[in-house]
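Report on the structure given below.
Laboratory data are not the source of any read-out in this text; all were calculated from the coordinates shown. The structure displayed is predicted, hence computed values, not measured ones. In this analysis, Cβ positions are derived from the backbone assuming ideal geometry, glycine residues included, and neighbour counts consider all displayed protein chains.
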Amino acid sequence: MPDARIREIVIIGGGTAGWMAAAALARFLGRDARVTLIESEAIGTVGVGEATIPQIKLFNQGVGIAEPDFVRQTQASFKLGIEFVGWGAPDQRYIHAFGAVGWPLGLLPFHHYWLRHRAEGGASGLWDHSAGARAAARNAFQPPADRPGQPAAGYDYAFHFDAGLYAAFLRRHAEAAGVTRIEGRIGGVRLREDGFVAGVTLEDGRSIDGELFIDCSGFRGLVIEEALHAGYEDWTHWLPCDRALAVPCARVEPLTPYTRATAREAGWQWRIPLQHRTGNGIVYSSAHLSDDRAAAILLAGLDGAPLAEPRPLKFTTGKRRAMWVKNCVALGLAAGFMEPLESTSIHLIQAGIARLLSLFPRAGFDPADIAEFNRQADFEWRAIRDFLILHYHANGRPEPFWADCRAMSIPDSLAHKLALFRANGRITREHEELFTELGWLQVLIGQGVLPAGYSPLADALPTADLARFLGDARAHAERVAAALPSHADFIARHCAAPPLETIAA
């Protein structure tokens, strides 16, 4: 068959999305394709995403990035999960910890035995059986070192990092692998007669042609929307926040190994600790809260001195109706936006890149490949959407905003999950959706959604064996957590960042 390989790939926009795509394409396509990235220093990037989920480790490993170097160069810290404060009730808190909660027994996941224990008057909390949760409570961390013949540590981790430094780090990595960067602002998109993208024209008159275009131009969607009219699916009915303010503050001790999401009167506030500073922001509904009031709440909730003025961001939660149109694939904010409540923004970039590589086209752009990409992306985004809606819908707060969230209609897919769990504690994971049964379990229990029953198979375990089983899980979690050094000490010994001014630009 004739050579129909794609030779010219053009990435529109830099930032985290653009440089992640550039690094991955250069790594996995090698020198068979030329990758060109166009960005303008004058435009800047949104760059609010600083927290991740464990899958980011796979991306870094895949493109050949050593973890200690990455941590140093991005002022990163480690993340064992997300602590939610005030969601189920104003003073209540829980953690969505990465990793296991107990371990399965027989045919059943752990939580059915814990539900039986609770129904029989037991006092053990769900997170007493989680090594990740116990380590987070101690501000302790080191990567798990599972050994053959010994019980698994049972926890996982991700990172907090400076998104701007990560993009710069990836740029250096990608350029070393052969990616060409062009500085300039795009003035227009040129289409062929068949509607495919032929190239882009820069404001200074230069023309850049290509075969495959990756749109990383942010909310604007310069190619996917302005030129190809993909359309946008608006999800603000279910995720009503449409504004954010972001501000860094001085680092304070202790250096916590988790993100914090604190519910406020009409939204929520994030706290993300890095080595050199703490990232903060508030996500809120402009229909319920003024910008000035949101800024006052944000600044009052800082635990260190602010290092800048709050930076505003406006958004419409949702996604492109198609993220691959003709010969253009959208990534990052060009593909859509779901607020950073569960730190999925960077993961969705990573997933889009992985999906593109798995369905990488020939020059003919077979419609079957495009349709499958869009089908998979649609499923993943909707599954994440439902998980985020759960946080809003299952709240116990008194304010009007939160009352509206409790009363709103929810997607049938989420209603089904809630009904199944409320009956007998069952959780199903569809087609490898991102959040596992353990993620759903922690948010459901954490926000007060308690089932009426549990699997009757759990009753087969004798009472003494049940007590011993739960006790073993608690002891294991505590033993693992107690053996860990403090988060700050681990970083200081193994991956402390150099002074910010010495990190390569």
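Put +1 on the Cβ of every Lys and Arg and -1 on every Asp and Glu Cβ in the chain; which of L434, H229, A368 then has its Cα farthest towards the positive end of the dipole?
L434
Please give the charge dipole size of the chain, origin at the Cα centre, charges +1 on K and R Cβ atoms and -1 on D and E Cβ atoms. Round to the nearest 20 debye.
Working: 50 positive and 56 negative charges, 138 e Å.
Using only the charged Cβ atoms, the result is roughly 660 debye.
Kindly provide the GluC sites (Glu not before Pro) of segment 133-212 that DSSP labels as loop, not H, G, I, E or B, and whose Cβ sees at most 15 other Cβ atoms within 10 Å.
When the GluC sites (Glu not before Pro) of segment 133-212 are filtered for loop state and at most 15 Cβ neighbours within 10 Å, E193, E203 remain.
For helix 463-482, report the angle its Cα long axis makes with the longest principal axis of the Cα atoms of the chain; keep it between 0 and 90° and round to the nearest 10°.
That works out to roughly 50 degrees.
So what's the Cα pair-distance distribution over segment 414-505, bin width 5 Å, in %?
2, 10, 11, 12, 14, 13, 11, 9, 8, 5, 3, 2, 1
Under 13 Å from the Cβ of A482, count the other residues' Cβ atoms, weight Lys and Arg +1, Asp and Glu -1, and hand me the total. Before the final figure, lay out each step's value.
Details: positive: R134, R138, R474, R479; negative: E478.
Neighbour charge sum, excluding A482 itself: +3.
What angle, in degrees between 0 and 90 and rounded to the nearest 10, separates the Cα long axis of helix 345-358 from the longest principal axis of the Cα atoms of the chain?
Orientation of helix 345-358: about 60 degrees from the principal axis.
Could you sort 456-466, 371-381, 216-226, 138-148 so that the peptide with the highest average Cβ count within 10 Å comes first and the rest follow in order?
Values: 456-466: 13.5, 371-381: 17.7, 216-226: 23.1, 138-148: 15.2.
With the highest mean Cβ count within 10 Å placed first, the list reads 216-226, 371-381, 138-148, 456-466.
Peptides 397-406, 478-487: what's the order by average Cβ count within 10 Å, highest mean first?
478-487, 397-406
State the three equivalent ellipsoid semi-axes of the chain, derived from the C-alpha gyration tensor as the square roots of 5 times its eigenvalues, in descending order and whole Å.
That gives 39, 25, 24 Å for the three semi-axes.
How tilted is helix 367-393 with respect to the longest principal axis of the chain? Cα atoms for both, answer in degrees (0 to 90, nearest 10).
Tilt relative to the chain: about 40 degrees.
Compute the normalised compactness of segment 243-314: alpha-carbon radius of gyration over 2.2 N^0.38 Å, N being the residue count.
Working: Rg = 11.7 Å, N = 72, 2.2 N^0.38 = 11.2 Å.
That works out to 1.04 for segment 243-314.
Counting only C-alpha contacts under 8 Å and six or more residues apart, can you give the relative contact order of segment 243-314 as a whole percent?
44 percent.
May I ask which residue of A66, C495, S124 lies farthest towards the positive end of the charge dipole of the chain, with charges of +1 (Lys, Arg) and -1 (Asp, Glu) on Cβ and the Cα centre as origin?
Working it through, the farthest residue towards the positive pole turns out to be S124.
Are there any trypsin sites (Lys or Arg not before Pro) in segment 261-315 that are in a DSSP loop and have at most 13 other Cβ atoms within 10 Å? List them by number.
Answer by residue number: there is no such site.
Between segment 79-148 and segment 367-390, what is the C-alpha centre distance in whole Å?
Each part reduced to its Cα centre gives a spacing of 29 Å.
Pull up the DSSP beta bridges for the chain and report the antiparallel fraction as a percent, rounded to 5.
Percent antiparallel among DSSP bridges in the chain is about 70.
Would you mind counting up the charge near D472? Only other residues with Cβ under 15 Å from its Cβ, with Lys and Arg at +1 and Asp and Glu at -1.
+1
How large is the helix-only mean residue ellipticity at 222 nm for the chain, computed as the sum of -39500 (n - 2.57) over DSSP H runs with n ≥ 4, divided by its residue count, in deg cm²/dmol to the nearest 500?
Mean residue ellipticity at 222 nm (helix-derived): -10500 deg cm²/dmol.
Starting from a Cα-only point model with no solvent, please compute log10 I(q)/I(0) by Debye for segment 314-456 at q = 0.10 1/Å.
Summing over Cα pairs of segment 314-456 leads to -0.42.
Taking the radius of gyration and the Kirkwood hydrodynamic radius from Cα positions alone, what is the Rg/Rh ratio for segment 324-368, to two decimal places?
Ratio of gyration radius to Kirkwood radius for segment 324-368: 1.05.
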